[in-house]
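I have placed the structure first, in the form of structure tokens, so that the comments after it can refer back to it.
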Amino acid sequence: MSNVKPIKVIAATLMLAVGVAFLTYAMSASEAAHRDFISYWATGQQLVHHSDPYDSQAILQIEKSIGYRAGTPIFMSEPPTAFFIALPLGFLSAKAGAVLWSLAIIACLMASIRLLWILNGRPPDRLHLVSYLFPPALACLLAGQTGIFLLFGVVLFLYFHDSKPYLAGAALIFLTLKPQLLLPFDLVLLLWVVAGKRFRIAIGALTAIALCIIFSLALDHSAWSHYTQMRAEQIDDQIAPTASFMFQMLLAQNHPWVQFIPTAVACGWAARRYLNSHVRWDWRNDMPLLLLVSVMTSPNAWFTDEAVVLPAILYGLYQTSDAGRSLIPYCCVAGVALIEVFANVDMNSGLYIWTTSAWLLWYLSATTLQGKSSKDRERSVIKTAA
């Protein structure tokens, strides 16, 4: 981009260099052992030797070798399509792997925020910098979780779906890391592709998925059977701070299928919403609410997975700013969530049960109560990578 000032490039390079130096100095193997990153590193160690990445005894032994003290292993919960992000860690020590993993998360977050800023019309203010303090994104970085990779995939799709459909479709591979997280979004995406005959996006997505499946089988011929066995053993012990899980606890604790009822209702709502407005469907305007509802009704999600709703949060912040309304309500919600993050509240704690509903309610107030008083810059999606 010819209009990027050299001073900004230099500043960004210096910030990255300082980040690398800090991570290299601060991160130790024992520190990495207490982050969720350890599950991806242990998986990578197994994949390098073409061993079962879901073998509980082997994973536990690898994790204990760098200071992990618990008696049960931390598994990589993602399906084998995620092997492409775990394999590089198998060639590195725990410390080097933790630094690389953290830098990858930071880079995806920075790229996502930059692209969202462009999609919102490159406003001259610095409101987008608030995104770096979005609590789920910070929790992702601190825990070494993959929520920001999902965010990156969603933003790439949003940015390229018109100009580079094959790339936009391929970017959806990141959503396979947590296939249960965005089911209403996935349904609308399918309807949009079929109704508009946007087969290049479908080809891009299917090609990326096929390559990842072939890659996973090349590393472990029984990868998918190992994965399903691991999930079957773990699912009964999982406690997810989601509205769907609480719905199950209230109505039928011994029937896990009950938690899919809110998801099914959300899918019905999403399909009807799309079918009623498919002619004028605009991903930039219609995706935010869809993301929020999808995550809130997901049958299984952690607080870090909520990083994927950042496009909705930033969109709501711009709408609030355009209308001249106060950002204090958002700051209050985010502030309480930040307190929980820095207090090291476990991701599966019920103390996070309120966050998805809070983001949704704040977004609705930010985008519907402003009415026609908004300046509404009519930011448009950039058709080409600027």
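Quick look at the numbers
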| item | result |
| --- | --- |
| Residues being open to solvent by less than 20 Å² (accessible area, probe 1.4 Å) and within 24 Å of Leu275 (Cα to Cα) - total across the range 176-188 | 5 |
| Boolean, Tyr227 is open to solvent by less than 40 Å² (accessible area, probe 1.4 Å), at pLDDT below 95, among the hydroxyl-bearing types (Ser, Thr, Tyr) and in a helix (DSSP H, G or I) | yes |
| Any hit, the range 241-258, residues being closer than 28 Å to Val48 by Cα, surrounded by 14 or more Cβ atoms within 10 Å (Cβ to Cβ) and in contact (Cβ under 8 Å) with a residue 24 or more places away in the chain | no |
| Total residues in the range 202-222, condition open to solvent by 50 Å² or more (accessible area, probe 1.4 Å) and under 25 Å from Asp162 (Cβ atoms) | 5 |
| Considering residues of the range 79-122 that are out of contact with any Leu (no Cβ under 6 Å at 6 or more places or on another chain) and polar (S, T, N, Q) only, the residue surrounded by the fewest Cβ atoms within 10 Å (Cβ to Cβ) | Ser93 |
| Search result, residues across the range 150-171 that are open to solvent by 10 Å² or more (accessible area, probe 1.4 Å) and among the hydroxyl-bearing types (Ser, Thr, Tyr) | Ser163, Tyr166 |
| From the options Ala270, Ala307, Ala301, Ala312, residue that is touching a residue at least 12 places away in the same chain (Cβ under 8 Å), in contact with a Phe, Trp or Tyr (Cβ under 6 Å, 6 or more places away or on another chain) and crowded, with 22+ Cβ neighbours inside 10 Å | Ala312 |
| Verdict on Leu338 being open to solvent by less than 30 Å² (accessible area, probe 1.4 Å), in a helix (DSSP H, G or I) and of a type outside the set (Gly, Ala, Ser) | no |
| Ile201 assigned to a helix (DSSP H, G or I), within 27 Å of Asp52 (Cα to Cα) and modelled with pLDDT of 95 or more | no |
| Residue in the range 34-45 that is within 22 Å of Ala107 (Cα to Cα) and modelled with pLDDT under 55 present | no |
| Residue pairs meeting the criteria (Cβ under 9 Å; at least 6 apart or on separate chains; first of a type in the set (Gly, Ala, Ser), in the range 188-213; second outside any helix (DSSP H, G or I)) | Ala195/Trp281; Gly196/Trp281; Gly204/Lys164 |
| Top-ranked residue in the range 273-296 [being within 20 Å of the chain's Cα centre (by Cα) and polar (S, T, N, Q); ranked as most open to solvent (accessible area, probe 1.4 Å)] | Asn285 |
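The values are calculated or read from the model by the stated rules, or taken from the named source; none is laboratory data. Note that the structure is a prediction, hence the values are computed from the model and not measured. We place every Cβ from the backbone using ideal geometry, glycine too, and count neighbours over all the protein chains shown. When the accessible area is computed, the model is the full protein with side chains, heavy atoms only, and any ligands, DNA or RNA have been set aside. Shrake-Rupley method; radii C 1.70, N 1.55, O 1.52, S 1.80 Å.
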